[in-house]
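Everything on this sheet refers to the single structure shown next.
The values are calculated or read from the model by the stated rules, or taken from the named source; none is laboratory data. Computed from a predicted structure; not experimentally measured. Neighbour counts are summed over all protein chains in view; Cβ atoms, including those assigned to glycine, are modelled from backbone coordinates with ideal geometry. Side chains are part of the model used for accessible areas, which takes the heavy atoms of the whole protein and leaves out ligands, DNA and RNA. Shrake-Rupley method; radii C 1.70, N 1.55, O 1.52, S 1.80 Å.
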Amino acid sequence: SYNQLALWRVYQLAPKSTAYNVYSSVKINSPLNLNVWTKVWSQVIQRHGIIRTTYTTHQGEPLQVVHPTQLFEPEIVNATGYSKHQLDDMIIKSVERLFDLETGPVFRVSLFQQTDKAYIQLLTIHEIAGEMRSLNILTQEFQQLYSHLLQATSVEQSQVPGLISIAR
């Protein structure tokens, strides 16, 4: 698109700029199954080619490369005991990490764990791949898949004798 071409050109001029990092955070006030959380974000990433895309040039022309898969490597931070100021600083540092559009990824998911029932989930995307509306869509998709997979996991565990007390 024209916007992506413009953002690619800006990136070529200022690759160390964070001006086009778009982010959204969500506070989660309930227990979180980290295995399911990780699995669901992996699935979301595999469903959307734009967040598996890197950018380069070929014979002087911009080129998008949509990768068939992308390894999901979330940033999980133990923020137990951090003050609000310390946590805010950590979130800002995470948001301001540079994206390398040529090697990717262009989308990051971070999780700051304050307690076993209090988390902050941070999504950061380079604007070449999406904007706030995109993050809202990804968040809604995550919520639906997480809820579905969590229910399926609970059913599977309840059918195995002896795991009920461990799983809960």
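Lys27: part of a helix (DSSP H, G or I), open to solvent by 60 Å² or more (accessible area, probe 1.4 Å) and among the charged types (D, E, K, R), yes or no?
Answer is no for this residue.
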Every residue from the range 30-57 that is open to solvent by 60 Å² or more (accessible area, probe 1.4 Å) and among the polar types (S, T, N, Q)
Asn35, Gln43, Gln46, Thr57
Single match in Leu135, Leu145, Leu98, Leu150 (criterion: touching a helix residue (DSSP H, G or I) at 6+ places or on another chain (Cβ under 6 Å) and either modelled with pLDDT of 95 or more or acidic (Asp, Glu) (or both))
Leu145
Of these, Val26, Val10, which one is among the aliphatic types (A, V, I, L, M) and more than 14 Å from the chain's Cα centre (by Cα)?
Val10
Condition met for Leu138 (open to solvent by less than 70 Å² (accessible area, probe 1.4 Å), farther than 30 Å from His58 by Cβ, in contact (Cβ under 8 Å) with a residue 60 or more places away in the chain and not β-branched (Val, Ile, Thr))
no
Filtering the range 7-17 for residues that are open to solvent by 50 Å² or more (accessible area, probe 1.4 Å) and part of a loop (DSSP other than H, G, I, E, B) leaves a count of 2
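Could you check the range 1-17 and list, in sequence order, the residues that are polar (S, T, N, Q) and more than 14 Å from Ala129 (Cα to Cα)?
Passing the criteria: Gln12, Ser17.
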